[in-house]
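The values are calculated or read from the model by the stated rules, or taken from the named source; none is laboratory data. Source: prediction; values computed, not measured. Positions of Cβ are backbone-derived with ideal geometry, glycine not excepted, and every protein chain shown enters the neighbour counts.
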């Protein structure tokens, strides 16, 4: 039960912080800036070993936000570089997030076919 609570709290704080940044910067920082920033911060925190502790505490609350994507990319690149060297640093990140990218493409296509997105 505590894991579910921590996932909710940590995930909510991460998402809430992004929303506050967007709300209080009066469109100087866009949603895209926040998303890219979260991926970069997640990657940096993962690279120095901090983000894994957050994942251990919050579980999906730390993996579902886009900062978790940066964490997975970095961990894949580190593991790939340990196994294959420089080539593994590039291929490991892509391999680590292949299922995420594939599901985004498949579900995006499904919803585009099923629903009218023109807004008419």
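With respect to being modelled with pLDDT under 95 and in a helix (DSSP H, G or I), residue 108 fits the description. Checked against the criterion of being part of a helix (DSSP H, G or I), modelled with pLDDT under 95 and surrounded by 15 or more Cβ atoms within 10 Å (Cβ to Cβ), the candidates 10, 101, 4 yield just one match: 10.
Filter the stretch 76-120 for residues that are under 17 Å from the mean Cα position of the chain (by Cα), closer than 18 Å to residue 44 by Cα and without any contact (Cβ under 8 Å) to a residue 24 or more places away in the chain and give the result. Listed by number, the residues that qualify are 76, 77, 92, 93, 94.
Does the stretch 21-55 hold any residues that are within 22 Å of residue 78 (Cα to Cα) and loosely packed, with under 11 Cβ neighbours inside 10 Å, and which are they? Once the filter is applied, which keeps residues that are within 22 Å of residue 78 (Cα to Cα) and loosely packed, with under 11 Cβ neighbours inside 10 Å, the stretch 21-55 yields 48, 49.
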